[in-house]
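The values are calculated or read from the model by the stated rules, or taken from the named source; none is laboratory data. Treat the numbers as computed from the prediction; the structure is a model and nothing was measured. FYI the Cβ positions are ideal-geometry reconstructions off the backbone, even for glycines, and counts take in every protein chain you see. Note: areas computed on protein heavy atoms with side chains; ligands, DNA, RNA excluded. Shrake-Rupley method; radii C 1.70, N 1.55, O 1.52, S 1.80 Å.
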Amino acid sequence: MSGPGQRNTGRYLELLKNVLVNTIYEDPPLPNPVFQHVDYSRAARERGHDWPSVAHTMVGKARLDNVQACLEQVIEDKVPGDFIETGVWRGGVCIFAKGVLDAYDATDRSVWVADSFEGIPMAGADSHPDDVRLAMHQHNAVLAVDVATVRDNFARYGLLDERVRFLPGLFRDTLPRAPISQLAVLRLDGDLYESTRDALVHLYPKLSPGGYVIIDDYLVPGCRAAVEQFRDEHGLDGDRLQRIDRFSVYWRRGV
């Protein structure tokens, strides 16, 4: 049976999730090319089926539950390394990850916040065909969130300190030279083939055995192609791909 401290930790993290997805004040969704909701729907918000106008994440509860479970497992198993998310939008998932680490007094781990902070880059002539077809840059009026805003969002929760490390810029420029020694949880939310590939190529070698890879956009064809190609190239069939929800998957790196 869990003690009072563990129960309080669970309550705090559940409240943090509810605030981050904003089932508290129920902000209406923004128009977007994926979901057709016009009015707030609690079921849609909890499933990550809308683009919130105010909430700090659009991933929904199941994907936040997954981040919590992965972090709790690496803490329990003493898997060394930090947390990183590549593609952070308003910062909600990274804010939650920092909340989990603080709740468990995991002060030896940092949260890396990697994003262009200028939106989705435009796919060019040499880009993957799926990225060209997706044309996500057309929605940067919503998807582009500057680094100052994300920093301020961390501060609103009392979670901004020296263990929150920002990596502003395109992944192909920032990730190869990022001063990260080890990772325990690697979460990819870059939508595109190129951004997914860049993150896997440059960060997977830093993932500790027993660490987790989380793919937010596995439903997106370009992202899925990058993941499948990388797993084939590195013989990762033994690291079983597990589904989180209809959009997302994860796997644990073999020990």
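Observations on the model:
- Residues that are out of contact with any strand residue (DSSP E or B) (no Cβ under 9 Å at 6 or more places or on another chain) and hydrophobic (A, V, I, L, M, F, W, C) within segment 149-189 comprise Ala155, Leu160, Leu170, listed in sequence order.
- Looking across segment 102-126 at every residue that is of a type in the set (A, V, I, L, M, F, W, C) and surrounded by fewer than 24 Cβ atoms within 10 Å (Cβ to Cβ), the one that is nearest to Asp65 (Cα to Cα) is identified as Ala103.
- So Arg63, is it under 22 Å from His139 (Cβ atoms) and open to solvent by less than 30 Å² (accessible area, probe 1.4 Å): yes
- Count - residues of segment 40-51 that are assigned to a helix (DSSP H, G or I) and either open to solvent by less than 10 Å² (accessible area, probe 1.4 Å) or aliphatic (A, V, I, L, M) (or both): 3
- Some residue of segment 157-164 being more than 16 Å from Trp112 (Cα to Cα) and touching a Lys or Arg at 6+ places or on another chain (Cβ under 6 Å): no
- Residues (in a loop (DSSP other than H, G, I, E, B) and out of contact with any Ser or Thr (no Cβ under 7 Å at 6 or more places or on another chain)) located in segment 59-88: Val59, Asp77, Lys78, Val88
- Some residue of segment 11-22 being at pLDDT below 95 and over 20 Å from the mean Cα position of the chain (by Cα): no
- Scanning segment 22-39 for residues that are open to solvent by less than 50 Å² (accessible area, probe 1.4 Å) and either in contact with a Leu (Cβ under 7 Å, 6 or more places away or on another chain) or of a type in the set (Ser, Thr, Tyr) (or both) returns a single hit, Thr23.
- Filter pass, Ala144 being more than 30 Å from Gly5 (Cβ to Cβ), open to solvent by less than 50 Å² (accessible area, probe 1.4 Å), at pLDDT below 95 and not basic (Lys, Arg): no
- The combined condition, being closer than 19 Å to Gly158 by Cα, part of a loop (DSSP other than H, G, I, E, B) and open to solvent by 10 Å² or more (accessible area, probe 1.4 Å), is fulfilled by Val54.
Here's the yes/no breakdown for (1) open to solvent by 10 Å² or more (accessible area, probe 1.4 Å); (2) within 19 Å of Gln68 (Cβ to Cβ):
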position	(1), (2)
Leu175	no, no
Pro179	yes, no
Ala184	no, yes
Leu200	no, no
Lys206	yes, no
Val213	no, yes
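- Residues that are aliphatic (A, V, I, L, M) and either more than 19 Å from the chain's Cα centre (by Cα) or open to solvent by 40 Å² or more (accessible area, probe 1.4 Å) (or both), drawn from segment 127-141: Val132, Leu134, Ala135, Ala141
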